[in-house]
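Have a look at the structure below, then the notes.
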Amino acid sequence: MRILVTGGAGFIGSHLVRRLLGHDHVVVNFDALRYSGNPDNLSDVADHARYAFVQADICDAGAVAQALKEHRVEAVINCAAETHVDRSILDPSVFAKTDVVGTGILLEEARKAGIQRYLQVSTDEVYGSVELGHSREEDLLAPRSPYAASKAGGDLLTLSYWATYRLPVLVTRGSNTYGPNQYPEKFIPLFVTNAIEDQPLPLYGDGRNRRDWLSVFDHCAAIEYVLAHGEPGTVYNVGGGNERENRAVAETLLRYLQKPGSLIRFVQDRPGHDRRYAVDCDRLRRLGWEPTVEFEEGLRATVEWYRTHEAWWRKIKSGEFRAYYEQMYQQRLAKGTACAS
Ligand code: DAU
């Protein structure tokens, strides 16, 4: 197919672009290249014959319309988003703009262009914190951060285009994704790169929050599978089946790096910090897809990638990221406490 991937220079987007190119698709990467969009992520495919790059924002209707027309796009996958919960607490407005308004513009242009498949990459955070059990696709949404609420807005707007216009949309709600090329504001790459530098690891609250970890390779495989086989108008949860406490993840990655547990610092919690996410993936399993990457194996390979790609993350950590890190962590770390064990 001729597929437009928005946010293709980001973490999940860049792995998806590479995967689709490997499966004979024509891929148009539509990315505004804001702070986490990184052309280095795709330097290996930049000259590929079936790859094109458009630097533009999904809020720019004219640019979207032109890209869809010029590249005769048949399918759209929307990975473009503001994605970091902590940043949404500092500045919520940009989240509503990109994740809700931008998604709306993309949907409208896709409808006008007669696109055959539109897939919205959503998140398990739209269900809110789940103390017990697993969220199913028909559960009520209860997002609790400006990020999650904005993603819920984009997710529901997408579904409305099936009900109202019969635009053949699909929604995937993925769980916490990890792997190479993830911007080091997120938990795993932040902790791995801090540990390599012998810097403290700022663990929020009691470190007992739980997440279900999904390899980026599995996540992209699921997106491609749903694009090809999903029922229009349908939501699919995508989980890794690897639920772990944050503290255990931190201890495991320190072990892989042969660094001491004393690097862990318990710091002031994230406001409104969701305790647990867990999704029921039965619908996707029945469609014929299951994850294959075992967490400890995937985490070990990820740690190894950051260990052997220092130039990639050091360039990021010395730029815009530095001011963000200081704002987010300096005071917290000064008041933090060491790990007891
Ligand atoms: O569940 C899917 C979602 O996973 C995605 O939709 C989001 O884009 C993605 O950011 C992620 O959200 P989380 O808030 O769960 O991810 P984050 O990496 O920020 O944090 C993971 C856990 O680690 C969470 O319980 C907060 C904790 N944490 C995070 C950071 C950055 C810390 O303890 N310390 C930290 O410095």
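The values are calculated or read from the model by the stated rules, or taken from the named source; none is laboratory data. As the structure is a computational prediction, the values presented were derived from the model and not from experiment. Reconstructed Cβ throughout: ideal geometry from the backbone, glycine too, with neighbour counts over all protein chains shown. Surface areas here come from the heavy atoms of the whole protein model, side chains and all, with no ligands, DNA or RNA. Shrake-Rupley method; radii C 1.70, N 1.55, O 1.52, S 1.80 Å.
Once the Cβ-Cβ distance between ILE89 and ARG166 is put in as r, and R0 is 35 Å, what FRET efficiency do you end up with, to the nearest 0.05? Result of the calculation: an efficiency of 0.40.
Test of understanding: what is the full-extension gain from GLN66 to MET1, defined as 0.36 nm times their sequence separation minus their Cα-Cα distance? Please report the intermediate quantities before stating the final value.
Numbers: separation 65, 0.36 × 65 = 23.40 nm, distance 1.81 nm.
In short, 21.6 nm is gained.
Shown here for region 204-277: GluC sites (Glu not before Pro) in loop regions (DSSP other than H, G, I, E, B) with at most 12 other Cβ atoms within 10 Å, of which there are none.
In a DSSP loop and with at most 14 other Cβ atoms within 10 Å, the GluC sites (Glu not before Pro) in region 81-141 are GLU131, GLU138.
Applying 1/(1 + (r/R0)^6) with r as the Cβ-Cβ distance of GLN199 and GLU138 and R0 = 35 angstrom yields a FRET efficiency of 0.20.
Shown in residue order for region 254-263 are the 3J(HN,Hα) couplings computed by the Karplus curve 6.51 cos²θ - 1.76 cosθ + 1.60 at θ = phi - 60°: 5, 4, 4, 8, 6, 10, x, x, 5, 6 Hz (x for Gly and Pro). Applying 0.36 nm per residue to the separation of HIS309 and ASP280 and subtracting their alpha-carbon distance, the gain on full extension is 7.0 nm.
Within the accessible surface of the chain, defined with a 1.4 Å probe on protein heavy atoms only, the carbon and sulfur portion equals 50 percent. Ligands, DNA and RNA excluded, the heavy atoms of CYS79 present near 20 Å² of accessible surface to a 1.4 Å solvent probe. The phi-based Karplus calculation (6.51 cos²θ - 1.76 cosθ + 1.60; θ = phi - 60°) puts the 3J(HN,Hα) values of region 228-233 at 7, 10, x, 7, x, x Hz, whole numbers, x for Gly and Pro. For the chain, the average shadow cast by the Cα convex hull is 15.8 nm², which is a quarter of the hull's surface. Spacing of the modelled spin labels on ARG208 and TYR35, each 7 Å from Cα toward Cβ, amounts to 3.2 nm. The calculated FRET efficiency for the pair THR252 and HIS23, based on their C-beta separation and a Förster distance of 41 Å, comes to about 0.80. For the chain, the 222 nm mean residue ellipticity estimated from helices alone, with every DSSP H stretch of n ≥ 4 adding -39500 (n - 2.57) and the total spread over all residues, rounds to -12500 deg cm²/dmol. The slack in the chain from ALA301 to HIS48, taken as 0.36 nm per residue of separation less the alpha-carbon distance, amounts to 88.4 nm.
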